[in-house]
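The values are calculated or read from the model by the stated rules, or taken from the named source; none is laboratory data. Being a predicted model, the structure only gives us computed values, none of them experimental. Reconstructed Cβ throughout: ideal geometry from the backbone, glycine too, with neighbour counts over all protein chains shown.
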Ligand code: AMP
Ligand code: MG
């Protein structure tokens, strides 16, 4: 395992008092070692789990050529431009019950969606286009409505036997679960979920349910973090609220490191007299501290703490205290690092571009995240406005947002009407 100092060497030449977001991310990529322990689980429990190996298709999907429509199957070789075709109905093919006969030229078979295509027949006339004689025995295929092979699904067109259906590192979403099920699989080999401990710090912070008191605010960070972690598919160890007391903080970090793959704290990483988190991290493990060139969320303590009870050290993220800064630093740094820890190979969701409805003041030299609401204008183009007070403690503007406007490191003031990048929340948080 590389030391943090070795990893930080990769950042040489950069100022830890004002570290660009990209550099902090590069450091985290080098720091995080993915979980390798696997679990065998029921497919139905697979949502958001990460595949531990490639899924190889044990069969063709679909297993046979079959009809994509309810209608009449016939041999498409009979199709000629400008000519109707007259065919005798000689049987019926049902989904799950094949028609075993032989149909030749001048004949057709009534067929249902999903039924195996009878031998020698390759084309299906949809029922809506069928003209039948009153006794239902004679079919007219109208001219110029079909080409040979229409409305037939080919054996293996979804997956071929032996093909890699899903790659190791895939995060299982609804489509991936359905695909695995289509292979007849009942169980999945997945990576163990990481256990992430989280706690809030601060003498002025109240737990939900406590009576209000002067100068105190309720703990919101832990609830935002628990939601963010659950969305990601992590198991959460909620360690509650810790006062600004070094002994209590030490005990909490030690307990967390004995249990968890990662530890997330909020508050106490600034330069105030009661900010003990950095010193504690330094004492118990290895730490790098940055003032990341970003807003909100400048201070960020990152590191790891080893524990005798565990073979790997716990990753640690000491996030700032302000509630929006917590969410933004989570999305910018913690989320990608945890996905890597989880063994997830998916690239991050692409940023969208939307036209800013306002002028957004910005100086080059730091990344800024503004809470925004993306909608469509009358022409159908994406547009974005900010959602009110952008203070780093103002959560209500976060609740009114559906994404974060990302103003990149080198970007300067954006004029109304210019395009900006947006990280959409849906699918992310
Ligand atoms: P700190 O980084 O500890 O100085 O905290 C910065 C600001 O965030 C202060 O105004 C704190 O009261 C506030 N804050 C810290 N932790 C929380 C929390 N868990 N919930 C709500 N606000 C918090
Ligand atoms: Mg504090």
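Computed values, structure above
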item: Per-region count, the range 339-353, residues modelled with pLDDT of 95 or more and over 17 Å from residue 425 (Cα atoms); result: 5
item: Unmet criterion (only one of (1) within 13 Å of ligand 1 (Cβ to nearest atom); (2) over 22 Å from residue 14 (Cα atoms)) for residue 329; result: (2)
item: The range 246-273: number of residues that are touching a strand residue (DSSP E or B) at 6+ places or on another chain (Cβ under 9 Å), within 14 Å of ligand 1 (Cβ to nearest atom) and free of Cβ contacts under 8 Å to residues at least 40 places away in the same chain; result: 1
item: Condition check for residue 390: surrounded by fewer than 12 Cβ atoms within 10 Å (Cβ to Cβ), outside any strand (DSSP E or B) and at negative phi; result: no
item: Qualifying residues in the range 295-312 (those that are touching a residue at least 60 places away in the same chain (Cβ under 8 Å) and more than 15 Å from ligand 1 (Cβ to nearest atom)) - the one surrounded by the most Cβ atoms within 10 Å (Cβ to Cβ); result: 302
item: Sole residue being within 43 Å of the chain's Cα centre (by Cα) and not assigned by TED's automatic domain parsing to the domain that holds residue 234, chosen from 177, 132; result: 177
item: Subset of the range 1-47 [within 16 Å of residue 190 (Cβ to Cβ) and either touching a helix residue (DSSP H, G or I) at 6+ places or on another chain (Cβ under 9 Å) or without any contact (Cβ under 8 Å) to a residue 12 or more places away in the chain (or both)]; result: 34, 35, 43, 44, 45, 46, 47
item: Within the range 207-223, tally of residues that are assigned to a loop (DSSP other than H, G, I, E, B), in contact (Cβ under 8 Å) with a residue 24 or more places away in the chain and in contact with a strand residue (DSSP E or B) (Cβ under 7 Å, 6 or more places away or on another chain); result: 1
item: Tally, over the range 96-125, of residues that are touching a helix residue (DSSP H, G or I) at 6+ places or on another chain (Cβ under 9 Å) and more than 23 Å from residue 144 (Cβ to Cβ); result: 0
item: Pair list, Cβ under 8 Å, 6 or more apart: the range 132-146 residue on the phi > 0 side of the Ramachandran plot, other residue surrounded by 13 or more Cβ atoms within 10 Å (Cβ to Cβ); result: 136/89
item: Single condition residue 387 does not satisfy, out of (1) within 25 Å of residue 233 (Cα to Cα); (2) in contact with a helix residue (DSSP H, G or I) (Cβ under 7 Å, 6 or more places away or on another chain); (3) at pLDDT 95 or above; result: (1)
item: Test: residue in the range 48-60 that is assigned to a helix (DSSP H, G or I) and either touching a residue at least 24 places away in the same chain (Cβ under 8 Å) or over 21 Å from residue 95 (Cβ atoms) (or both); result: no
item: Complete set of residues in the range 199-245 that are away from ligand 1 (no atom under 14 Å from the Cβ), on the phi > 0 side of the Ramachandran plot and exposed (fewer than 14 other Cβ atoms within 10 Å of the Cβ); result: 209
item: Selected residue (criterion: surrounded by the fewest Cβ atoms within 10 Å (Cβ to Cβ)) from residues of the range 158-198 that are part of a loop (DSSP other than H, G, I, E, B) and in contact with a helix residue (DSSP H, G or I) (Cβ under 9 Å, 6 or more places away or on another chain); result: 186
item: Residue that is within 16 Å of ligand 2 (Cβ to nearest atom) and more than 30 Å from residue 172 (Cβ to Cβ), where the choices are 204, 214; result: 204
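Residue by residue, here is whether (1) under 41 Å from the mean Cα position of the chain (by Cα); (2) more than 14 Å from residue 74 (Cβ to Cβ) holds:
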| position | (1), (2) |
| --- | --- |
| 136 | no, yes |
| 150 | yes, no |
| 172 | yes, yes |
| 181 | yes, yes |
